[in-house]
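Undergrad: Please find one structure pasted underneath; my questions will follow.
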Amino acid sequence: MRHQSLVITLASLSLVPGSSVTAQTSEVPLDAARPKITTVSAMRVRRVPQVAADEVTRLKLGTVVSAIARSAGQDTIGGKTDYWYRVRLSNGGDGWLYGGLLLDYDPRLRQKLQRQIIEARLKAENTDFKDREELYNFTSGAVAEAKDSNARAEFELLKLLALANWATAVPDGQRDKSPYREWLKAHHTEVIQNEFGGGYDLRTELFWNLEAKYHMLPIADRIAWEATQNEEPSDCESDEVCAFFVLGERQVRYLSLHPNGAHAAEAVQSLTEMLTDDVINTASSRGAEERTALMKSLASLRLALAKTSAPGKAELLGKLERVKPATH
């Protein structure tokens, strides 16, 4: 019974099972109110500082509250040890929040905190459709607040990643039911159904469009790399030529845009692995259907390699030399 109760308790807090929980019943007033910001979606506000206490309300991701007291002792939940905090709510009431799901808030550091929260939630496992909706909305708000171009570019990238994360949470066979039907209507131009893996994937071209918009900024390198890593439906399976068209051309495009970027070496290594004997033979075959398209991609690759100094360049050039020139 104790283990079952613990699992239920932790699930209610969106935390990792397997931690100890100690009930708190007394409080210590704080010398001054301390601003805090929530780091999870639908965060439960409790009537007293206990995980099984009645729920007062729920707060959205990124809600700023004012802590006026803390619990006398700390609890360890989900691998985190912290106090509970009694906070003032916007309706004038109050309630208790677990400190392990809060961050100290400073309006001067708002963008840094927004970035920290968004990136942590993108990495979170076992989040559902509603969780990801809150993350997307929070990120959209950060975009709207951003004043300078560098911050706006970064948050626009995070917004795309949040949408990609949200898209995969659409259950198979549920797209005609609410709320998925409304979601698809709102985002149908941005996503594509994944008939092979389930759910939806973000259209890769959205990343390339964002890279073009901010190409002169440092963040453009990361945006282009995210484009190469974005998953889209593919039935290539063991077809190496198909894989080169789907994945290899992304790496070529990255190298063309950022020949000495932070991920240039990774791109060169990936292309070296994808330029298999099958791809080389197809590119060298007279009359092969894919030959013209492959030769065009390989020509773009040669141009990109001419501008890069990434490790592995010589090995990849050596493979390219094995491709036979077109004959008439």
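Undergrad: May I ask you to list the residues in region 292-328 that are outside any loop (DSSP other than H, G, I, E, B) and free of Cβ contacts under 8 Å to residues at least 12 places away in the same chain? If you could, list the steps in order and put the result at the bottom.
TA: Step one: list which residues in region 292-328 are outside any loop (DSSP other than H, G, I, E, B), which gives 292-307, 313-320.
Selection gives THR292, LYS296, ALA299, ALA306, ALA314, GLY318.
Undergrad: Looking only at region 98-136, which residues are exposed (fewer than 15 other Cβ atoms within 10 Å of the Cβ) and hydrophobic (A, V, I, L, M, F, W, C)? Spell out the reasoning first.
TA: So in region 98-136, the residues exposed (fewer than 15 other Cβ atoms within 10 Å of the Cβ) come out as 104, 106-109, 112, 116, 119-120, 123, 125-126, 128, 130.
Passing the criteria: LEU109, ALA120.
Undergrad: Same structure again: Where in region 179-268 are there helices (runs of 4 or more DSSP H), lying wholly inside it, with at least 1 residues that are assigned by TED's automatic domain parsing to the domain that holds ALA306 and modelled with pLDDT of 95 or more?
TA: Working: elements: 180-187, 205-213, 219-229, 240-243, 249-257.
Result: 249-257.
Undergrad: Looking at region 269-291 only, could you name the residues that are among the hydrophobic types (A, V, I, L, M, F, W, C), under 13 Å from VAL252 (Cα atoms) and in contact (Cβ under 8 Å) with a residue 40 or more places away in the chain? Walk me through it before giving the result.
TA: Here is the first cut: in region 269-291, the ones among the hydrophobic types (A, V, I, L, M, F, W, C) are 271, 274-275, 279-280, 283, 288.
Restricting the remaining residues to those that are under 13 Å from VAL252 (Cα atoms) gives 271, 274-275.
Across region 269-291, the qualifying residues are LEU271, LEU275.
Undergrad: Still on this structure, I have one more. Residues of region 52-88 being crowded, with 20+ Cβ neighbours inside 10 Å, touching a residue at least 40 places away in the same chain (Cβ under 8 Å) and under 25 Å from LEU135 (Cβ atoms), which ones?
TA: Matches in region 52-88: LEU61, GLY62, ILE77, TRP84, TYR85, VAL87.
Undergrad: May I pose another question? So, in region 294-311, of the ones that are out of contact with any helix residue (DSSP H, G or I) (no Cβ under 7 Å at 6 or more places or on another chain) and small (Gly, Ala, Ser), which residue ends up surrounded by the most Cβ atoms within 10 Å (Cβ to Cβ)?
TA: Among those that are out of contact with any helix residue (DSSP H, G or I) (no Cβ under 7 Å at 6 or more places or on another chain) and small (Gly, Ala, Ser), it is ALA299.
Undergrad: Which one is surrounded by the fewest Cβ atoms within 10 Å (Cβ to Cβ), of the residues in region 5-51 that are in contact with a strand residue (DSSP E or B) (Cβ under 7 Å, 6 or more places away or on another chain), over 24 Å from GLY62 (Cα atoms) and modelled with pLDDT under 50?
TA: In this case the residue turns out to be SER20.
Undergrad: State whether the residues of region 142-152 include one that is among the hydroxyl-bearing types (Ser, Thr, Tyr), more than 19 Å from ALA42 (Cα to Cα) and not in a helix (DSSP H, G or I).
TA: The first filter runs over region 142-152 and keeps only residues among the hydroxyl-bearing types (Ser, Thr, Tyr), leaving 149.
Those left that are additionally more than 19 Å from ALA42 (Cα to Cα): 149.
Of the ones still in play, those that are also not in a helix (DSSP H, G or I) are none.
Within region 142-152, not a single residue is among the hydroxyl-bearing types (Ser, Thr, Tyr), more than 19 Å from ALA42 (Cα to Cα) and not in a helix (DSSP H, G or I).
The values are calculated or read from the model by the stated rules, or taken from the named source; none is laboratory data. Just so we're clear, the structure is a prediction, and the values are computed from it rather than from any experiment. In this analysis, Cβ positions are derived from the backbone assuming ideal geometry, glycine residues included, and neighbour counts consider all displayed protein chains.
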